[in-house]
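In what follows, a structure is listed as structure tokens, so that the remarks can point back to it.
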Amino acid sequence: MSTLKAVRGTRDLLPPETALWNRIEATARAVFARYNFGEIRTPVFEDTALFARGVGEETDIVSKEMYTWEDGERFNELRMIVDWESRNRADDPTYVQAGRAHVERLSPLLTLLNAIGVQREVTWGVALSGQQLPGSAPEFVCFRPRISGEAISALLKARELAKSDPASHLRQTHVRLRLVVPTNAADNRWIERHDVTIEWFEGNFFDSAQSLTLRPENTAGVVRAYIENKLGEAGQLQKLYYIGPQFRRERPQKGRYRQFYQIGAEVIGPPSAGSESPVRDAEVLEMLATLLDELGITGWTLHLNSVGSAADRARYNDALRAALVPVVGKMCVDCQRRAVTNPLRVLDCKVPEDQPIIDTLPVIADSLDEESKKHFAAVTAALDAASVPYTRNHRLVRGLDYYTRTTFEFIHGGLGAQNALLGGGRYDGLSEMLGGPRAPGIGFAMGEDRLVLTLLAQLDQKAAPPQVADAFIAPLGEGLNAAALVLGRELRQAGLRIELGDGSFRLKKSFEAADKTARRIVILGEDELQSGILTVKTFATGIQTKVPRTELAVFLNQ
Ligand code: HAM
């Protein structure tokens, strides 16, 4: 049997690397607390419409990268039967009645079918097709949500039974088989192989179906929660942070996974609470600079831009479209498509030959209105005052539709192609887009996987250093296992990290195992237990020391 593996684009995070993940999260939580943020945890899956409306139907994320499924879908069999009978045979009541009568006459056969377990899974009707009168070629009709091998074999089995049942009047007759399925239940594999008539039947025969999606990002979920929990009614700014997995069906490569982790934060509230103020943008960026510094990440650059208001962007789109007309023929196929569908995305192009052309295109700064320009100037002035370095990047338009005004990314050279450590920006109209009150906001999300990669590269090692216990307790014999557990409990309660051996180890093996996992070994034999004096060996020095049990915790802490 082949072994099962983690799904492409997902991976296991294991110790000792998980210690680094925990350190990053603890540092982020501590910094968020100092900036007065509280934690929010939204569900990992949401209504698909949230992302379609929030992130934007035309974006790569929504159009190609989401994990979406129909949830809670139930096939309403009865509705289909009633609909089928009334739509197909309404003009021929004899048909329906004769069909029902047949079912009754067939009841011994149905009992038999029941006995082989068919009845429970398949709805049976026996009908007489078209103009035929009772007695001629009857038909088994089976109603299913989709064509399946199981439905077809049940029908075939039913025909066999009908023919062979001595009590049945169908014994010598040709029995026809029909499977009625909703129009969208396409699966041609089964049709070709069997003499079952498939009838595609139009209508919605499913109940309580809801399209759900694993979250590809968390901003839409936070704003949904803000609206649903009426967080704006307090009249204050909401400062919320989150840490958790996100899911995008992208092509996996270094720094890009299908399940990845984000540490993000959002500042959102009614305009009266100051949510639109440029100082919010500057505060978030200054906090990020502090956080990256505290994480020990060096060599980042902050790329900053403004994408203006929706009207500014529409103006810029027109300008870009016009500027692309004479040059787009010389660009890559993707750009040729983008020039028509979404000219802004041309700015994301990485094809080297296209770069000189892109450099000649108009920049969004020239399409901004006075308000947006003023806002951006205030953000940069505050950053200058706080000595947060940044570069203006006219091409930074970001791949999500909700952005307005300030957009930013922190880039790290050591990451390769996926070089964005984090991204974010302002989304002043998102709440209204989701049916909520006016609630301007700004936020960001850091790729935690990329923070880990960067830190590991900086540490110049492939993995985080292994965790080493303070002591390894080695009981000398099975009879001392329980005493070792008690000693371990004492030391662990004193805050020490303890590894517990067991009495099956001979002393030498115990030493070898302990040397790999702990700084010291504590020998626990009968003598030690009776005398209360333990033998401790420190591996680094090779020195063996006798320590009274009452002083052991203090000694091991050194
Ligand atoms: P984003 O730019 O799509 O923005 O993602 C933010 C960060 O998540 C990226 O800079 C990157 O570090 C990380 N990331 C994205 N996709 C992957 C992936 N497949 N594998 C590993 N890391 C990845 C957002 O998600 C917005 N919600 C940010 C935001 C918050 N804007 C306002 N508030």
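Which of the helices in the chain meet the span-like rule: DSSP H, Cα axial reach of 20 Å or more, Kyte-Doolittle mean at least -0.5?
Sorted by number, the helices that extend far enough and score high enough are 17-34, 149-164, 278-295, 310-324, 370-385.
Do you know the relative contact order of region 443-527, to the nearest whole percent, from alpha carbon pairs under 8 angstrom that are 6+ apart?
Numbers: 111 pairs, mean separation 31.6, N = 85.
The value is 37 percent.
Using DSSP, restrict attention to beta bridges with both residues in the chain and report what percent are antiparallel, rounded to the nearest 5.
Numbers: 60 of 82 bridges.
Here the share of antiparallel DSSP bridges comes out near 75 percent.
Relative contact order of region 330-481: what whole-number percent is it, with Cα pairs under 8 angstrom and at least 6 residues apart?
Here the relative contact order equals 13 percent.
When ranked by the protection proxy of mean other Cβ atoms within 10 Å per residue, highest first, what sequence do the peptides 270-280, 65-75, 436-446, 215-225 form?
215-225, 436-446, 270-280, 65-75
Express the relative contact order of the chain as a whole percentage, based on alpha carbon pairs under 8 Å and six or more residues apart in sequence. Could the numbers behind the result be given before it?
Details: 934 pairs, mean separation 79.0, N = 558.
Value for the chain: 14 percent.
Once phi is turned into ³J(HN,Hα) by the Karplus curve 6.51 cos²θ - 1.76 cosθ + 1.60 with θ = phi - 60°, what whole-Hz value does each residue of region 260-269 show in order, with x for glycine and proline?
These are the phi-based 3J(HN,Hα) values: 9, 10, 10, 10, x, 8, 9, 10, 8, x Hz.
Out of all DSSP beta bridges with both ends in region 425-558, state the antiparallel percent to the nearest 5.
Looking only at bridges with both residues in region 425-558, the antiparallel portion is about 60 percent.
Could you derive backbone 3J(HN,Hα) for region 406-415 from the dihedral phi with the Karplus parameters 6.51, -1.76 and 1.60 (θ = phi - 60°), listing whole Hz in sequence and x where the residue is Gly or Pro?
4, 10, 7, 9, 9, 9, 10, x, x, 8
Between residue 374 and residue 515, what is the label-to-label distance in nm when each label sits 7 Å out along the Cα-to-Cβ direction?
So the two model labels end up 7.4 nm from each other.
Quickly work out the residue 157-to-residue 228 label distance, labels modelled 7 Å from Cα along the C-beta direction, and quote it in nm with one decimal.
Each label point lies 7 Å from its Cα, and together they span 4.3 nm.
Sort 6-18, 295-307, 361-373 for me by packing, meaning the mean count of neighbouring Cβ atoms within 10 Å per residue, highest on top.
Packing order, densest peptide first, comes out as 295-307, 361-373, 6-18.
So who's got an amide H within less than 5 Å of the one on residue 198, skipping anything under 5 residues away but keeping other chains? H placed 1.01 Å off N, in plane.
Here 179 satisfy the definition.
Report, in listed order, any pair from 350/374; 5/64; 5/516; 330/350; 64/239; 254/350 with a Cα-Cα distance greater than 26 Å.
With Cα atoms farther than 26 Å apart: 350/374; 5/516; 64/239.
Bear in mind these aren't lab numbers, they're just calculated from the coordinates by the rules spelled out. Bear in mind the structure is a predicted one, so any value in this text is a computation, not a measurement. Positions of Cβ are generated from backbone atoms using ideal geometry, with glycine treated the same way; all protein chains shown enter the neighbour counts.
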